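As structure tokens, the structure follows; a few thoughts come after it.
Please treat every number below as a calculation from the coordinates, not as lab data. Just so you know, these numbers come straight off a predicted model, no measurement behind them. Glycine gets a Cβ as well: all are built from the backbone with ideal geometry, and neighbour counts include every protein chain shown.
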Amino acid sequence: MDCIFCKIIKGELPSFKVYEDRHTLAFLDIVPVNYGHTLVIPKKHYSNMEEIPEKELKEVIVTVKMVGKALKEGLGVEGYNVGENNDPVAGQIIAHLHFHVIPRSAGDGLALWPQGKYGDGEAEEALDKIKKAI
Ligand code: AMP
Ligand code: ZN
């Protein structure tokens, strides 16, 4: 399989490793949104959130939490965003599940997405469709 992140795990491609354990790896995003932007991945290849078993997802999230704390303390930033782009339509370019942990500081100029509002009955309709799928 031609997966860049699998190659990083195997050591076939270089990376700036932030943290590693048996199941997860954290490394610097090479095109950072902000200084210290870190990616957290499972060592086993799963393309997205639907693919990874819950137990393994928990291990990844625990590493995300640890990295977030380290970014705050180590870089002296005030907060961070955690993001996961799921599927190409949502901006996922690399098909190996990864969480972005992005350090944030006041006035860093990074804007989040715009928000809209529900029309009459739309919230109820959305709720109904989502709950049926759970
Ligand atoms: P996504 O759009 O969620 O799939 O994000 C993929 C991320 O991987 C982007 O932010 C890229 O900058 C990052 N990236 C791509 N190649 C590498 C690499 N070799 N080392 C570190 N980060 C990478
Ligand atoms: Zn992979």
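Relative to the longest principal axis of the chain, what angle (0 to 90°, nearest 10) does the C-alpha long axis of helix 54-75 take?
Taking Cα atoms only, the helix is inclined about 70 degrees.
The stretch 1-43 to the stretch 75-134: how many Å between their Cα centroids?
21 Å
Relative to the first principal axis of the alpha-carbon coordinates of the chain, what is the inclination of helix 122-133, with its axis defined by its Cα atoms, in degrees from 0 to 90 and to the nearest 10?
The answer is roughly 60 degrees.
Out of Leu97, Gly76, Gly119, whose Cα points farthest toward the positive end of the dipole of the stretch 50-120 (charges: +1 Lys, Arg; -1 Asp, Glu; placed on Cβ)?
So the residue we want is Gly76.
Whole-Hz ³J(HN,Hα) for each residue in the stretch 97-114, computed from phi via Karplus 6.51 cos²θ - 1.76 cosθ + 1.60 with θ = phi - 60°, x for glycine and proline: what do you get?
So the J values, rounded to whole Hz, are 2, 8, 9, 8, 10, 10, x, 10, 10, 4, x, 6, x, 7, 9, 7, 6, x.
Please give me, ordered by residue number, the trypsin sites (Lys or Arg not before Pro) of the stretch 50-134 that lie in loop per DSSP and have at most 10 other Cβ atoms within 10 Å.
On the way: sites: Lys55, Lys58, Lys65, Lys69, Lys72, Arg104, Lys117, Lys129, Lys131, Lys132; in loops: Lys117.
Within the stretch 50-134, the qualifying trypsin sites (Lys or Arg not before Pro) (loop, at most 10 other Cβ atoms within 10 Å) are Lys117.
Would you list His96, His37 from fewest to most Cβ contacts within 10 Å?
On the way: His96 22, His37 18.
Neighbour counts put them in this order, fewest first: His37, His96.
Rounded to the nearest 20 Debye, what is the dipole magnitude of the chain about its Cα centre when Lys and Arg each give +1 and Asp and Glu each give -1 at the C-beta?
Result for the chain is approximately 500 debye, rounded to the nearest 20.
Test of understanding: ordering Val62, Val67 by Cβ neighbours within 10 Å, fewest first, what list do you get? It would help to have the intermediate numbers written out before the result.
Details: Val62 14, Val67 23.
Ranked by crowding around the Cβ, least crowded first: Val62, Val67.
With the crude spin-label approximation of a point 7 Å out along Cα→Cβ, what separation in nm comes out for Glu78 versus Tyr35?
Taking the two extended label points, one gets 1.6 nm.
What full-extension length gain, to one decimal in nm, is calculated for Ala70 and Ile4 as 0.36 nm per residue of separation minus the Cα-Cα distance?
Values: separation 66, 0.36 × 66 = 23.76 nm, distance 2.51 nm.
In short, 21.3 nm is gained.
Among Glu59, Glu125, what is the fewest-to-most ranking by other Cβ atoms within 10 Å? Intermediate results must be reported in sequence, preceding the final value.
Working: Glu59 16, Glu125 12.
In increasing order of surrounding Cβ atoms, one gets Glu125, Glu59.
Once you order the gyration tensor axes a ≥ b ≥ c over the Cα atoms, which shape class does the stretch 1-91 get: rounded for a/c under 1.5, otherwise prolate or oblate by comparing a/b with b/c?
Working: a/c = 1.45, a/b = 1.33, b/c = 1.09.
The shape class here is rounded.
Which value in nm describes the separation of the simple spin-label points at Arg22 and Glu51, placed 7 Å from the Cα toward the beta carbon?
2.3 nm
Report the number of Lys pairs in the chain whose alpha-carbons are under 18 Å apart, with separation of 8 or more residues or on distinct chains.
For the chain, the number of qualifying lysine pairs is 18.
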